[in-house]
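Please treat every number below as a calculation from the coordinates, not as lab data. Everything numeric in this text was worked out from a predicted model, so none of it was measured. FYI the Cβ positions are ideal-geometry reconstructions off the backbone, even for glycines, and counts take in every protein chain you see.
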There are 2 protein chains.
Amino acid sequence: MIPLPPGSTLGILGGGQLGRMLALAAARLGFDVVILEPEPDCPAARVSAHVITTPYEDREGLTELARRADVVTFEFENVPARALEILAELGVETAPCARALATAQDRVAEKTFLNAAGVPTVAFAEADTPEGARQAAEQIGFPCLMKTRRDGYDGKGQSWVEHLANAEAVFHALGNRPVIVEAPAAFVRELSVIAARGRTGDVAIYPLGENHHEGGVLRRTLAPATVSEAVEEQAERIATRILTGLDYVGVIGIELFELADGQLLVNEIAPRVHNTGHWTQDGCDVDQFEQHVRAIAGWPLGPTHAHAQIEMENLLGDDISDWAKLGAESGTRLHVYGKRKAKAGRKMGHANRRMPD
Amino acid sequence: MIPLPPGSTLGILGGGQLGRMLALAAARLGFDVVILEPEPDCPAARVSAHVITTPYEDREGLTELARRADVVTFEFENVPARALEILAELGVETAPCARALATAQDRVAEKTFLNAAGVPTVAFAEADTPEGARQAAEQIGFPCLMKTRRDGYDGKGQSWVEHLANAEAVFHALGNRPVIVEAPAAFVRELSVIAARGRTGDVAIYPLGENHHEGGVLRRTLAPATVSEAVEEQAERIATRILTGLDYVGVIGIELFELADGQLLVNEIAPRVHNTGHWTQDGCDVDQFEQHVRAIAGWPLGPTHAHAQIEMENLLGDDISDWAKLGAESGTRLHVYGKRKAKAGRKMGHANRRMPD
């Protein structure tokens, strides 16, 4: 039954912080949540009605998930495609759909889709062999960026290639796996747009965020970003094309490069709620987590207007030990993920600071 | 260890909607929550890390609660005093303290405390017998309001006495239990103030709410209420006296009558988060639920400034079937409690509407 009434159960593959914040948003609307996650005692488990602790592709686990959940979603893009196939066999719907996930999982499929949808990206070439990697690098020019086609995140699984002579070595260093070779983007700024599409094809787009990375990991997002009208319009056009082209249901995160002339290129898409959208929790009436719940449950999408200017700061590793100081800051809302150990660089929480009007 | 770091566990006696919203707020700050509640499948259980399903006074249940929780609080004022005694024996701290709970549980103790603290109330008298009830009513005058000393809520356990001849009949109708007889308040408006006191004695007071009841049950709160500076100052003085007088830790709800001359009387106090404070979820940076968590965990209290004007509407019984319409309202945030059955008059959720600036 769509729209799903309160009291229905949402299934989530993955129990990290994104699953946790989805579960909290779902609970606010009266939904129950069931998590499937291989790791015991995961952050989302502790705020959800049911937890299934099995590998993602475990048929028994997925069968229980399918039995409990009215719709299943995922909190990260590296869910094995096989898990979604099994869920489809079991007759439970997943949102976003398997195709959207498959497209986002493979950097070549992603950029091919984007370009076909009229969405600009950097130039790219693909390779499966050392010799192919050499040729691809030569085709793109130097320096270029070589990335594994799959399983990369937060700057992992990628490396610069400075000279033709390095191409094969980088291919080996990346694990002799299929790669994509990308031209560098001469960007002046990294932006992102968080958008959602509902089951009736309606689209809702949040204001852009301006992102600052350190060591490949997001450090902070300022939102709404100060952008020209032309940039805003491009971002909306890009988001709409992507969502429509993938027949997408749910929230998507779209990372963008802003070039000196104001053109936007898409860096990558994440078929899920996104770290650069955490500012919406304290800047918008309906945040990205509730928006995703609304979309997959077939509810009308909520407004995306920002009622405050927010600086979102990721709390990585030991940053979290500043909780007492952050908790005492007026205008700061602290979000802590409940992870047991603060390993170096690990995303432990974030702080949303309301900026003066 | 105070302040309690994220990762600590908060215990809550009671698993209704207030426990649920406390649990959600606690999770956002990285706390785990353990609920003790006699009813299985309660609203708070489904968003908490641990659930203990035993009567409130069950020693085994309380022992498990004490073992898991770093501090214990409660979500309603009719928790048996015996439960807090057992927890004290087990060496776990409760906040608010047992004395605050005991004061709020007994309407005579409550008003006696208030008056002693310099906080005005209506005139009142107590009685334990039919003849005593007659005398008390005569002393107060007619019409007067007879209430059971204990266990009343949402207009239950109380009745008007119009004439001396009715006094004994009303006493019987209320169950032949100890009663309080109160003079009617000639109020022009019902207001409430939500306030908090931290472990270091710091006090934080939210702007006043204006409350509208139907059939003894809260229907809506408008906040911040439009009040004179004198009323605001009285409310702050009252809240501070009560919190200090009870050596209180946590959030308290204080129901007020505003008289025609601008004087405030306290109607009753609730030693917990309060229905008339739900507007803070969408009107303030730190809402009453997070504020209570901060107070009992020994964190600094958060700001109480309202950044929006909110109309909070309770969704009672079948009102909740309007979820689709409410979900489509721009500027409305829906909060649904996850109760399985929408019995008539039951609090199923609430909607916070952001009013135009």
Next item on the list: Would you calculate, for the protein assembly as shown, the mean residue ellipticity at 222 nm contributed by helices, counting each DSSP H stretch of 4 or more residues as -39,500 (n - 2.57) and dividing by all residues, to the nearest 500?
Entry: -8500 deg cm²/dmol
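Could you list B:8, B:48 in order of exposure, starting from the residue whose Cβ has the fewest other Cβ atoms within 10 Å?
The order, fewest Cβ neighbours first, is B:8, B:48.
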Next item on the list: Throw me the Rg/Rh for region B:9-94, computed over C-alpha atoms with Kirkwood Rh, two decimals.
Entry: 0.92
Notebook entry, point to check: When a footprinting reagent is the concern and you count Cβ atoms within 10 Å, what order do A:35, A:86 take, fewest first?
Noted result: A:86, A:35
Check: When you look at the Cβ of every residue in B:213-225, what mean number of other chain Cβ atoms sits within 10 Å?
Finding: 0
Next item on the list: Kindly give the semi-axes, whole Å and largest first, of the ellipsoid equivalent to chain B, taking each as the square root of 5 times a Cα gyration tensor eigenvalue.
Entry: 31, 25, 21
Notebook entry, point to check: Rounded to two decimals, what is Rg over Rh for the protein assembly as shown when you use alpha-carbon atoms and the Kirkwood radius?
Noted result: 1.04
Notebook entry, point to check: Across peptide B:22-31, how many C-beta atoms of other chains are within 10 Å of each residue C-beta, on average?
Noted result: 6
Next item on the list: Tell me, rounded to the nearest percent, the portion of alpha carbon pairs in region A:123-182 spaced more than 19 Å apart.
Entry: 12 percent
Check: Among B:76, B:31, B:142, which one moves the most in a GNM of chain B with springs linking Cα atoms closer than 10 Å?
Finding: B:142
Next item on the list: Please report how far the C-alpha centroid of region A:69-101 lies from that of region B:193-260, rounded to the nearest whole angstrom.
Entry: 48 Å
Note to self: Restricting to Cα pairs below 8 Å that are 6+ residues apart, what does the relative contact order work out to for region A:53-177? Please round to a whole percent.
What the structure shows: 17 percent
Checklist line | Peptide A:4-13, shielding by other chains (average Cβ, 10 Å cutoff) | finding: 3
Next item on the list: Return A:146, B:21 ranked ascending by Cβ neighbour count within 10 Å, so the fewest neighbours appear first.
Entry: A:146, B:21
Next item on the list: Give the shape of region B:207-357 as rounded, prolate or oblate, defined through the alpha-carbon gyration tensor: a ≥ b ≥ c are the square roots of its eigenvalues, a/c under 1.5 means rounded, and otherwise the shape is prolate if a/b is larger than b/c and oblate if not.
Entry: prolate
Check: Looking only at A:33, A:119, A:231, which one moves most when chain A is put into a Gaussian network model with springs between Cα atoms under 10 Å?
Finding: A:231
Notebook entry, point to check: Bin by bin, in steps of 10 Å, what percent of the Cα pairs in region B:269-334 do you find, going until the bin that has the longest distance?
Noted result: 19, 42, 29, 11, 0
Notebook entry, point to check: Could you name the lysines in cross-link range of residue B:339, using Cα to Cα under 27 Å and dropping any fewer than eight places away on the same chain?
Noted result: B:156, B:325, B:347
Note to self: Pairs of alpha-carbon atoms within less than 8 angstrom and 6+ residues apart define the contacts here; what relative contact order does chain A have, in percent?
What the structure shows: 14 percent
